[in-house]
Structure formats: structure tokens, C-alpha cells
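The values are calculated or read from the model by the stated rules, or taken from the named source; none is laboratory data. The structure displayed is predicted, hence computed values, not measured ones. Please note: Cβ atoms are built from the backbone with ideal geometry, for glycine as well, and neighbour counts cover all protein chains shown. SASA here: full protein model, heavy atoms, side chains in, ligands and nucleic acids out. Shrake-Rupley method; radii C 1.70, N 1.55, O 1.52, S 1.80 Å.
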Amino acid sequence: MSILVVGSVALDTVKTPFGRCKDILGGSATYFSVSASFFEPNVNLVAVVGNDFPPKYVNLLKEKGIDLKGMVTKKGKTFRWEGEYGWDFSNPETIATHLNVLSRFNPAIPREYRNSEYVFLANIDPQIQKQVLNQMARPKLVACDTMNYWIENKRKALVKLLKKVDIFLLNESEAKELAGDASLVKAARAILKLGPKKIIVKKGEHGSLLFSGNSVFSTPAYLMESIFDPTGAGDTFAGGVLGYLAACKTQNQANLRRAIVYGSVMATFAVEDFSLRRLAAITRADVVRRFKEFRKLTHF
Ligand code: AMP
């Protein structure tokens, strides 16, 4: 199996109550691909960076076995995002978004990538997400993420895209904003009517909810002792979900539920340090250990 991901590869500037880091590795596709690589060895990354993108970050992705044929370097600056978190560590305040080379990104999917069975359209302009999907042969599963920036600025394109999506991941406030409803259950139902077969609503430290048809599956979040920087938690979660699904031979509800728990486990590593410092340093044994602890925590 192989996974194709399109999204941002970024240089983030992040401020939390514990400090500020400037121009550190970030981006939706970055977190996703590193996370997915723990489950599925064939992760194909489609993204654009500027010629200021540090080679040490390229090496980090290569060391994780991520295929970078689809990551192009363009003259100009890499996409930059700056955000700040308060003590509740929920939604960051976006201080600045500089699209830079991302504003002219026109992805051409390498021929070798077009048969990827699993496709993740990570947080990026929904028009680019659609452009990528149109070039794919016949994916087994298409999942998609987004954020308030695109809900507010490219709503029409996003809604059109959702008709072609199997799993739509978004956080609680985005779900409410997209549906225009303060009740999460009603918002989820309204979004399902837009086309996605399933939606996963991420609720940060309160876990996540899977909605499909008339069924709902609820998972708590793992109890964290050290939360340092929540940036990338959502993309890391998605990487665990799709990585695990791609590694499974069969697609069924039980595997999807287990995939969500693996996604939650992966997200815990993303938040334990700035950028991908912790996520890139863990081993498969760390993932399995935390999965077992998660199971103990929720078993009754
Ligand atoms: P999350 O998993 O939601 O915390 O995603 C965090 C990542 O999203 C950061 O590393 C940012 O670089 C990236 N990001 C922020 N804004 C955007 C945007 N408008 N488009 C694409 N990626 C973004």
C-alpha cells in the first residue's frame, strides 16, 4: 500500500507559555508524513518549499523514509505560519500567515504516485487539494483536513471537494463554523450531508468523535503529563489514522476505531516538544507502549 499526502511544508514561528521558537520545521504535510511513516513505509509527499528551506529538514524527512520526488523547490520563500498559544493550549491565535511559494503552487503529481491507494489532502488551499485528487488514478480511500482560514476564504471550493471525500477531519470549532451551528451533533450531521462518508471531529484534550451514518464513536484523549506545543497535533493524528488503515489488510469499523486510537497516540508525541523534535525521535516501540497504556486507560 502507499499513501500520498499533499499539504504545507512550513517554517513555523510558535509562541507558547514555555517560550518562542522561530522558523522551525512545521506544516500539515510534514507532521502527517512523519506520523504515517511509523505504520506504512511508502509515504509520498507532494509539497512546495522555497530555496530558503534548510537542508537539515529535508534530511529529517529522508531519514524517515518519506519519498520526496513530489516536493518541489521554487525560487522564493517557504510558506510561513506564526501562532501563539495561551495556557489552555486549544486553538492558537494566528499572528501571521505568509503563503509565499505556496500561493503559486500548481502541483503535478509524479507518475509513480498516481496509483497511491490512500490519499490525504492535508490542510492547504482546497483548490489545490482538488487539483491533486483529479490527477489520482483510483484511490481506495480519500481523507481531507482543513482549517478556519480556508472555511472563511475558500468555502465554495471546500464544499465542492467534500463530495469526493471518504473521511473528513476537522476540529470542533471548524465543524461548528462550517455548519453554522453551535451544536456539534447537528453540525456533524449537516457536514455529512455535504458528501463525506465519515467525519472525525478532533476535540484536542477532550479526544475525538467519529460520525458515520447514524453511528458515533467517541475516544478520550490520552492523559498527558507534559504538553509543550500543540502545533501539528491534528496532522499527526491524521497520519496515525491513515498510516494504520493503509497497513491493515481490511477496511472495517473495528480497524477504523483502532486507527483513531493510534492517531490519538501519535498526537501525544507531537505535543511533547516544539516542532517535530519528539515525534522524529521516538521509535515504534514507544508507539506500541503508549497504545497499550491508552487501552488500559479506556478499558472497562
Ligand atoms: P495543526 O495540526 O492544525 O496544529 O497544524 C499546524 C500546521 O499547519 C502548522 O505547522 C502550520 O505550518 C500549518 N498551517 C497553518 N496555517 C496554514 C494554512 N493556511 N495552510 C496550510 N498550512 C497551514
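Tell me, please, whether a residue that is basic (Lys, Arg), out of contact with any Asp or Glu (no Cβ under 6 Å at 6 or more places or on another chain) and either in a loop (DSSP other than H, G, I, E, B) or modelled with pLDDT under 95 (or both) can be found in the stretch 54-66.
The answer is yes; a qualifying residue exists.
Out of the stretch 110-132, which residues are away from the ligand (no atom under 14 Å from the Cβ), in a loop (DSSP other than H, G, I, E, B) and not acidic (Asp, Glu)?
Once the filter is applied, which keeps residues that are away from the ligand (no atom under 14 Å from the Cβ), in a loop (DSSP other than H, G, I, E, B) and not acidic (Asp, Glu), the stretch 110-132 yields Pro110, Arg114, Asn115, Ser116.
Testing Ala221 on (1) more than 15 Å from the ligand (Cβ to nearest atom); (2) part of a loop (DSSP other than H, G, I, E, B); (3) touching a helix residue (DSSP H, G or I) at 6+ places or on another chain (Cβ under 6 Å), one condition comes back false. Which one is that?
Among (1) more than 15 Å from the ligand (Cβ to nearest atom); (2) part of a loop (DSSP other than H, G, I, E, B); (3) touching a helix residue (DSSP H, G or I) at 6+ places or on another chain (Cβ under 6 Å), the lone unmet condition for Ala221 is (1).
One residue is enough: does the stretch 67-77 have a residue meeting the conditions free of Cβ contacts under 8 Å to residues at least 60 places away in the same chain, under 20 Å from Tyr244 (Cα atoms) and surrounded by fewer than 24 Cβ atoms within 10 Å (Cβ to Cβ)?
yes
Of all the residues that make up the stretch 133-177, how many are open to solvent by less than 20 Å² (accessible area, probe 1.4 Å), part of a helix (DSSP H, G or I) and either in contact with a Ser or Thr (Cβ under 8 Å, 6 or more places away or on another chain) or not hydrophobic (A, V, I, L, M, F, W, C) (or both)?
Qualifying residue count for the region: 2.
Report whether or not Val201 is over 22 Å from Val49 (Cα atoms), within 15 Å of the ligand (Cβ to nearest atom) and among the β-branched types (Val, Ile, Thr).
yes
Let's see how each residue does on (1) open to solvent by 50 Å² or more (accessible area, probe 1.4 Å); (2) of a type outside the set (A, V, I, L, M, F, W, C); (3) over 15 Å from the mean Cα position of the chain (by Cα):
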position	(1), (2), (3)
Lys186	yes, yes, yes
Thr236	no, yes, no
Lys249	yes, yes, yes
Leu276	no, no, no
Leu279	no, no, no
Arg290	no, yes, yes
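Residues checked against (1) at pLDDT below 95; (2) of a type outside the set (Gly, Ala, Ser); (3) not in a strand (DSSP E or B):
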{"residue": "Val14", "(1), (2), (3)": "no, yes, no"}
{"residue": "Ile24", "(1), (2), (3)": "no, yes, no"}
{"residue": "Asp52", "(1), (2), (3)": "no, yes, yes"}
{"residue": "Lys69", "(1), (2), (3)": "no, yes, yes"}
{"residue": "Lys77", "(1), (2), (3)": "no, yes, yes"}
{"residue": "Ser90", "(1), (2), (3)": "yes, no, yes"}
{"residue": "Ile95", "(1), (2), (3)": "no, yes, no"}
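Residue by residue, here is whether (1) touching an Asp or Glu at 6+ places or on another chain (Cβ under 7 Å); (2) closer than 14 Å to Ser173 by Cα; (3) modelled with pLDDT of 95 or more holds:
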position	(1), (2), (3)
Gly195	no, no, yes
Val201	yes, yes, yes
His206	no, yes, no
Phe211	no, no, yes
Asn214	no, no, no
Thr236	no, no, yes
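Given the conditions (1) open to solvent by less than 10 Å² (accessible area, probe 1.4 Å); (2) in a helix (DSSP H, G or I), which single one is not true for Tyr262?
All conditions pass for Tyr262, except number (1).
Given the conditions (1) of a type in the set (A, V, I, L, M, F, W, C); (2) within 16 Å of the ligand (Cβ to nearest atom); (3) over 21 Å from Tyr149 (Cα atoms), and given that Leu99 satisfies all but one, which numbered condition is not satisfied?
Leu99 satisfies all of (1) of a type in the set (A, V, I, L, M, F, W, C); (2) within 16 Å of the ligand (Cβ to nearest atom); (3) over 21 Å from Tyr149 (Cα atoms) except (3).
Taking Pro54 as meeting all but one of (1) surrounded by fewer than 21 Cβ atoms within 10 Å (Cβ to Cβ); (2) more than 16 Å from the ligand (Cβ to nearest atom), write down the number of the exception.
(2)
Please go through the stretch 8-48 and pick out each residue that is on the phi > 0 side of the Ramachandran plot and within 13 Å of the ligand (Cβ to nearest atom).
Passing the criteria: Asp23, Gly27.
State all residues of the stretch 271-300 that are among the hydrophobic types (A, V, I, L, M, F, W, C) and in contact with a Pro (Cβ under 8 Å, 6 or more places away or on another chain); if no residue qualifies, say none.
Val271, Leu297
Evaluate the stretch 80-93: report whether one residue or more is within 11 Å of the ligand (Cβ to nearest atom) and without any contact (Cβ under 8 Å) to a residue 24 or more places away in the chain.
No: zero hits.
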